[in-house]
Amino acid sequence: MPHGATSQSLCHTREPHLPALRATAPARGRAGEAKKTGVKMEREKTKKKEKGKEPEKEKIREKGKEEKEKKKEVEKEKIKEKEKEKGREEKSKNKEEKRKERETEKEKEQLKGKEEKEDNNILLAKPLLEPREKNKQILVLGLDGAGKTSVLHSLALNRVQHSEAPTQGFNAVCINTEGSQMEFLEIGGSEPFRSYWDMYLSKGLLLIFVVDSADHGRLPEAKKHLHQLIETNPIIPLVVFANKQDLGAAYHITDIHEALALSEVGNDRKMFLFGTQVTENGSEIPSAMQDAKDLIAHLAADMQ
Ligand SMILES: Nc1nc2c(ncn2[C@@H]2O[C@H](COP(=O)(O)OP(=O)(O)OP(=O)(O)O)[C@@H](O)[C@H]2O)c(=O)[nH]1
Ligand SMILES: [Mg+2]
């Protein structure tokens, strides 16, 4: 049995005897002794009471501690709860911000779509094939299949580049030369597009007319169109490309000069004739084409 438990049981067994001791001491001689014994017993009693109170105090202290702990726990819980709340608030704030961002993006896209629609409407309102560029351009005209696109691409790249398909409408090409930029506009040579030739001639800086030197049968037709064009604009400089010189059947440039009646284009007009050829894709352009490009750059600069 543990030591503490034994002493505690002793305390309890003595307590019920105390009143009996006081009752059996009525004699005077013994009164002082009895008094002393009484005092002693009172002290003992107080001590015992004190001792009895100890566990109570202990309990109260424990309770106090527990309460403090509980309070701390509650405080901690509160702080955690607050932090969670804060987190939730921030999350919902972020969600809100993201939602707003998405809305702004949507609005932007809608606006863009609207603008594009409006743009398309403007384009549709114009003639179907009209190019957007309105600046002064170098016009490239001639019958279908003469080699306009092939020549233009080769001039732009300084490398031979055959066209892959007939031009349906317009073909605008920018060519950079030393210190300047030239804008070329080819209009398709097929029947439906020829009506646009006149319209653009008045806005052109100069005219490049391309003929297929080997297509003898169509040279008169080419001549007719060329003269109709230059009649409408008596001063526009003219550069003729006698193309496809690589072909065996090609007319020499003097024959082309004659077939196109170039002596009749007017004394006041600047006129030049070049024999050109677009041969193997990727090869260097012939020197005659390089010369033509330099001359065109000079003429265009003079006209601006
Ligand atoms: N052999 C040879 N073929 C050429 C030459 N130039 C162009 N061609 C070919 O001729 C055909 C017509 O050339 P394009 O450049 O499309 O002719 P275009 O004048 O632009 O024709 P449209 O756009 O229809 O008015 C293509 O198959 C070219 O590869 C050339 O100098 N020599
Ligand atoms: Mg073309």
In whole angstrom, note down how far apart the Cα centers of the stretch 231-304 and the stretch 166-192 are. 16 Å
Residue 86 paired with residue 235, simple spin-label distance in nm, labels 7 Å along Cα-to-beta-carbon: 8.0 nm
Residue 280 versus residue 224, label points 7 Å from Cα toward the beta carbon: distance in nm? 4.0 nm
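Taking all protein chains as present, what is the carbon and sulfur share of the accessible area of the stretch 137-303, in % to the nearest whole number, probe 1.4 Å?
Values: 3740 of 7710 Å².
Answer for the stretch 137-303: carbon and sulfur cover 49 percent of the accessible area.
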At 7 Å along the Cα-to-beta-carbon direction for both residue 62 and residue 178, put a label point, then send me their distance in nm to one decimal. 10.7 nm
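The values are calculated or read from the model by the stated rules, or taken from the named source; none is laboratory data. In this text, all values refer to a predicted model and were calculated from it rather than measured experimentally. Cβ atoms come from the backbone with ideal geometry, glycine included; neighbour counts cover every protein chain shown. Please note that ligands, DNA and RNA were not included when accessible areas were found on the heavy atoms of the full protein model with its side chains. Shrake-Rupley method; radii C 1.70, N 1.55, O 1.52, S 1.80 Å.
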